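The values are calculated or read from the model by the stated rules, or taken from the named source; none is laboratory data. For clarity, every value in this text was computed on a predicted model and none was experimentally measured. We place every Cβ from the backbone using ideal geometry, glycine too, and count neighbours over all the protein chains shown.
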Amino acid sequence: MDAPAVFTDADFYQQSFDPREYLKEFYGLSDSQGRANTFLMQNLRSLVKMFSLDGLRGDTLIDIGCGPTIYQLLSACERFQQIIALDYMDQNRRELQKWLGNEAGAFDWRAVVKYVCELEGDREKWAEKEEKLRGKVKQVLKCDVTKANPTDPVSLPPADCLLSTLCLEAACKDLATFRSALRNIAALLKPGGHLVMLTVLRETYYAFNKQVFSCLHLERNAVVEAVEAAGFDVKFSEVQPYEPGDVRTDCEGVLSLVACKRASITG
Ligand code: SAH
């Protein structure tokens, strides 16, 4: 499989990205043949680790490019009082709302929630965690990371933490756009606040439901440099290699990164 000839933009997402199929394909703990979803499990472990670092707590966390998923918020919700979830796509925000509202037909995240509870020390707390998360997500809003104010026309008060998983590399067609998107989202954060990211490395496409989506090919250093240039000091970064042989993507690894926003931009 090859990457799309033209980088798939936000409108392509809006037209072609089916949230239910995305969830079915990538967010079960095991696939239809019973093989473990190591990509997801590694990412959950990284999130547990990052959200247990010192200083990662506060009032408000903004999740940027949340998609239809909640896995990225399961450890975050233990450390922050309220969560605002942002995504470009209407269907993704709707799918997330379904789970938050406990609506019939919402995706079943229980196995994933149990796995995270087990990592955090008590598998039996899964129902409590689900309720905690449902209570903490206060708003689900549209955003476009390529805009100077991603939530335009809404202006959000600066948050204590930004979280973004697998979004900027899907939303940005080149490194210049990626770097500017990081500056755009940095404006949503208080000085001294933290940025927590999961970013796929050296990936050019991912596919599901007979649709292929572009991904910006990124090296670890390019991400670290872009984060620093957007006004952050990187506090933690770690790469988990991704085993080759997955026909759905050419991803080679996932970078976990935590950075702290400097008081003034010097980079
Ligand atoms: N965070 C989720 C979803 C990642 S999929 C996860 O970890 O699985 C990539 C997401 O980026 C999609 O939800 C898509 O709607 C969003 N996206 C694409 N272009 C965007 C843009 N310009 N601004 C904000 N979000 C965008």
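Return yes or no: is Ile84 among the hydrophobic types (A, V, I, L, M, F, W, C), touching a helix residue (DSSP H, G or I) at 6+ places or on another chain (Cβ under 9 Å) and not in a helix (DSSP H, G or I)? Walk me through how you get there before you give the answer.
Values: among the hydrophobic types (A, V, I, L, M, F, W, C): yes; touching a helix residue (DSSP H, G or I) at 6+ places or on another chain (Cβ under 9 Å): no; not in a helix (DSSP H, G or I): yes.
No: the conditions fail for Ile84.
Here are Val154, Val140: which of them is over 21 Å from Ala259 (Cβ atoms), of a type in the set (Val, Ile, Thr) and not in a strand (DSSP E or B)? Write out each step before concluding.
On the way: Val140 fails: not in a strand (DSSP E or B).
Step by step, each of Val154, Val140 is checked, and only Val154 is over 21 Å from Ala259 (Cβ atoms), of a type in the set (Val, Ile, Thr) and not in a strand (DSSP E or B).
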Identify, by number, the condition in (1) more than 14 Å from the ligand (Cβ to nearest atom); (2) crowded, with 18+ Cβ neighbours inside 10 Å that Gly34 doesn't meet. (2)
Gly28 fails exactly one of (1) within 22 Å of Val212 (Cβ to Cβ); (2) of a type outside the set (Lys, Arg); (3) touching a strand residue (DSSP E or B) at 6+ places or on another chain (Cβ under 9 Å), namely (3)
Note: among Leu201, Leu175, just one is surrounded by fewer than 22 Cβ atoms within 10 Å (Cβ to Cβ), away from the ligand (no atom under 13 Å from the Cβ) and under 16 Å from the mean Cα position of the chain (by Cα), namely Leu201
How about the stretch 95-128: which of its residues are surrounded by fewer than 20 Cβ atoms within 10 Å (Cβ to Cβ), among the charged types (D, E, K, R) and in contact (Cβ under 8 Å) with a residue 24 or more places away in the chain? Glu120
Hits in the stretch 44-88 - residues which are away from the ligand (no atom under 14 Å from the Cβ) and hydroxyl-bearing (Ser, Thr, Tyr): Ser52, Thr60
What are the residue pairs meeting all of these: first residue in the stretch 243-267, first residue closer than 19 Å to Leu166 by Cα, second residue at pLDDT below 90 and among the hydrophobic types (A, V, I, L, M, F, W, C), Cβ atoms under 9 Å, and 6 or more apart or on different chains? Val247/Met1; Arg248/Met1; Thr249/Met1; Asp250/Met1
